[in-house]
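Some notes on the structure that comes next.
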Amino acid sequence: MSDNIDQLSINTIRFLAVDAVQKANSGHPGMPMGCAPIAYKLYKNHMSHNPKNPKWLNRDRFILSAGHGSMLLYSILHLSGYDISLDDLKNFRQWESITPGHPEFGLTAGVETTTGPLGQGFANALGMAIAQEYLAAMFNKDDMKILDHHIYGICSDGDLMEGISHEAASLAGHLKLGKVIFFYDDNNISIEGSTSLTFSEDIEKRFESYNWQTIHINDVNDLDQIDKAITSAKGETGKPSLIITKTHIGYGSPNKQDTAAAHGSPLGEEEVKLTKKNFNWPEEKTFFIPDKVTEHFSDVMTKGKIAENYWNKLFDEYKNKYPAEAEQFTKIMNNDFGNEWKLNLPSFTDVGAQIATRTASGNVINAIEKELPTLIGGSSDLAPSTNTLIKDKTSFSAANRVGGNFHFGIREHGMASLLNGMAMYGGIIPYGATFLVFSDYLRPAIRLAAISGIKVIYVFTHDTIGLGEDGPTHQPVEHFAALRAIPKVIVIRPADANETVEAWKVALEHKGSPVALILTRQKIPVLDRSVISPAENLSKGAYVIKDCDAEPQLILMATGSEVSITLDAADILNETGIRTRVISFPSRELFEMQSKEYKEKVLPSKVKARVSVEAGVALGWDKYVGNYGESISIDKFGASAPYKILFENYGFSVENIVNTSKLLLNKISG
Ligand SMILES: Cc1ncc(C[n+]2csc(CCOP(=O)(O)OP(=O)(O)O)c2C)c(N)n1
């Protein structure tokens, strides 16, 4: 074994990863073996972090975007003193362990975000940097900087091949996010072999053109080069830095180094032995941590404690000098946003007025934003259409960090992943907007927000063929179903302006998962609440919006813009003696959270004649309409025409609802 404590420590990281992957008989040993020196230098020498308080607000963040190299992260967290035991490392990838295949936010101390789907961690980190800039501008004072830290990360070839890295890096350079320092694990290998198969752009030129600083390390095992690179990255405060680092996948493995074989499979018993021999490491030992290494790392916790104590003192002084700000900062970072905003929620009393729900949503945001200064967001170049601009706030930019309006550019995927980073940073309620049809472009990041248990609010407008002339490319049909299919995502499609207010209220009060608000482009009537149930019922997901005099024979259920025509159809049916109940059904997820009794009350099992009315695919409605029911739906693509003509031709008319209902009743009774 080497006498050099640095080498000994780095090799410990390497072999913890190698042994854990071997024991689990699955995982990725090559990346940790190559990048161990980076993790070592960051956690041991450069990062300001306290392993005993992984949530300390002013810690440096580290994001392993190449999440498949998770054992690198778990090993360095263990050695640094985070709450990950050696047994946890031995349980890598096992049932209920805190060391899953890829890092998961909220599960493991010191894991800042969920990574694995390549490119996401990279963009999340940039979102965290945005959050830091915004909160720092809000709370830092010239004499006291309570948020002043770096955001480090490692990204791989795969991260930089993914489109999302282009979107996010482009915006980050434009916004001059100088606190970001990413290492690029430049090992020339991905799963199918050499990256020369697919990847020949000049990364340095690419990032320079994004307005990043680029730095080179031509041998990751030269620790001086790592130190120098970090120092010069920190020295550049006006640009994010990419440290292009030459590494070797599977470093030290005699037969697998620099080959794809080291990427995603255990080295194999024999090769593990040969590799240990190569490093002069005790061959017979597994999960071996030399005492000297344990000792060597003990100062990480001491230094971390001192750093946090120092910050605590600074924050005490801040509290004395700026008590109001300190109180607000503490509340916000604890996700306590108060209740004042609720008093400002608008109410739409102009019955019969025609208001698009996107317009109502814009009114809500603007009515409450003052009481919610960290409700911030924007759109991917569609703010005038999504109505998401906050009129009294400026735009966030390189020169203006207090701006609460974000211009993400036409970068939906990047936007969604940046929003995730903003949410994970804490203190921010981020929202992002685009047309519903483009929710597909955000989908991977929405899924990760749901897995990570973080709240991001999506404002998806232009929600059906009701958007009209733009035609089938812009008309969502499968998108309600597609969003509802993601576990934990709360999808809400309000029926009118007042339900839109309630939808925002639910979204803002909800915790622990993303919320998608689905809104119309076209104007729809403000429903007359003096004759139907109050819009507050939206929080139950589905409610009887208008009932018949006695027990219903027929139940009509509708969402969004289809509710008003369904109410009209029910009036006709009731007049003809068919006792018809109408259910406004804005959110399946909220409805499923209700008690069995409530659900039975709204949808009595004995009423078999049920019709759903929603301008999207029927998928999923069978659960509610049952075996005998019908769905008025769109199970094909839309078309380019004025929306009223489309609604008529696709069956979303009072007449068709009435006829479908009558036919159904005949069928059932016959
Ligand atoms: C979005 C996405 N697509 C595909 C994968 C599967 N995958 C995991 S790692 C990887 C590429 C590996 O190459 P690289 O990023 O260079 O990592 P290294 O081999 O150097 O560890 C792929 C395709 C993934 N994790 N995420």
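The values are calculated or read from the model by the stated rules, or taken from the named source; none is laboratory data. Note that this is a predicted model, so its numbers are computed, not measured. Please note: Cβ atoms are built from the backbone with ideal geometry, for glycine as well, and neighbour counts cover all protein chains shown. Each accessible area value is taken on the protein alone, full model and side chains, heavy atoms only, with ligands, DNA and RNA left out. Shrake-Rupley method; radii C 1.70, N 1.55, O 1.52, S 1.80 Å.
Of note:
- One compactness figure for segment 241-286 is 1.32, namely its Cα radius of gyration divided by 2.2 N^0.38 Å.
- Placing unit charges on each Cβ (+1 for Lys and Arg, -1 for Asp and Glu) gives the chain a dipole about its Cα centre, and among Phe652, Met422, Asn280 the Cα reaching farthest toward its positive end belongs to Phe652.
- Per residue accessible area of segment 359-508, 1.4 Å probe, in Å²: 26
- Counted charge near Asp143, where neighbours are those whose Cβ lies closer than 10 Å (Asp, Glu -1; Lys, Arg +1): +1
- Efficiency of FRET between Tyr628 and Glu295 - r from beta-carbon atoms, R0 60 angstrom, step 0.05: 0.25
- Alpha-carbon Rg with Dmax, taken over segment 534-670, Å: 14.3, 44
- Dividing the radius of gyration of the alpha carbons in segment 371-497 by their Kirkwood radius gives 0.96 for Rg/Rh.
- The spacing between segment 41-63 and segment 287-349, judged by their C-alpha centroids, is 13 Å.
- Cα gyration tensor of segment 179-300 - equivalent ellipsoid semi-axes, whole Å, descending: 31, 23, 10
- 23 Å Cα-Cα reach of Lys273 towards lysines, excluding residues that sit fewer than 8 places from it in its own chain: Lys23, Lys90, Lys256, Lys285, Lys292
- Modelled spin-label separation between Ala641 and Thr231, with each label point placed 7 Å from Cα along the Cα-to-Cβ direction: 7.2 nm.
- Angle of helix 70-80 to the longest C-alpha principal axis of the chain, folded into 0 to 90 degrees and rounded to 10: 60°.
- Between 0 and 90 degrees, the angle of helix 223-235 with respect to the longest Cα principal axis of the chain falls at about 50 degrees.
- Above 12 Å, the calculated P(r) of segment 600-663 contains 70 percent of its Cα-Cα pairs.
- Signed unit charges on C-beta, dipole axis of the chain, positive-most listed residue Val459, Gly34, Leu664: Leu664
- Stretched out straight at 0.36 nm per residue, the stretch from Glu509 to Lys205 would grow longer than its current Cα-Cα span by 104.9 nm.
- Principal-axis tilt of helix 5-24 within the chain, Cα atoms, nearest 10 degrees: 50
- The calculated 222 nm mean residue ellipticity attributable to helices in the chain amounts to -12500 deg cm²/dmol, summing -39500 (n - 2.57) over DSSP H runs of n ≥ 4 and dividing by all residues.
- Candidate lysines for bridging to Lys667, where Cα separation is under 24 Å - those fewer than 8 sequence places away on the same chain excluded: Lys606, Lys608, Lys623
- Within the chain: Cβ-based charge dipole about Cα centre, in debye rounded to nearest 20 (Lys, Arg +1; Asp, Glu -1): 880
- Basic side chains Lys and Arg get +1 at the Cβ, acidic Asp and Glu get -1 at the Cβ, and with that the dipole of segment 460-551 about its Cα centre reaches some 380 debye.
- Sparse packing (at most 10 other Cβ atoms within 10 Å of the Cβ) combined with a DSSP loop state is found for the following trypsin sites (Lys or Arg not before Pro) in segment 405-512: Lys511.
- A Förster distance of 41 Å, applied to the separation of the beta-carbon atoms of Ala109 and Ser347, puts the FRET efficiency at 0.35.
- Surface/4 estimate of mean projected area, convex hull on alpha-carbon atoms of the chain, nm²: 31.5
- Over segment 536-612, accessible surface divided per residue gives 39 Å², non-protein components excluded, 1.4 Å probe.
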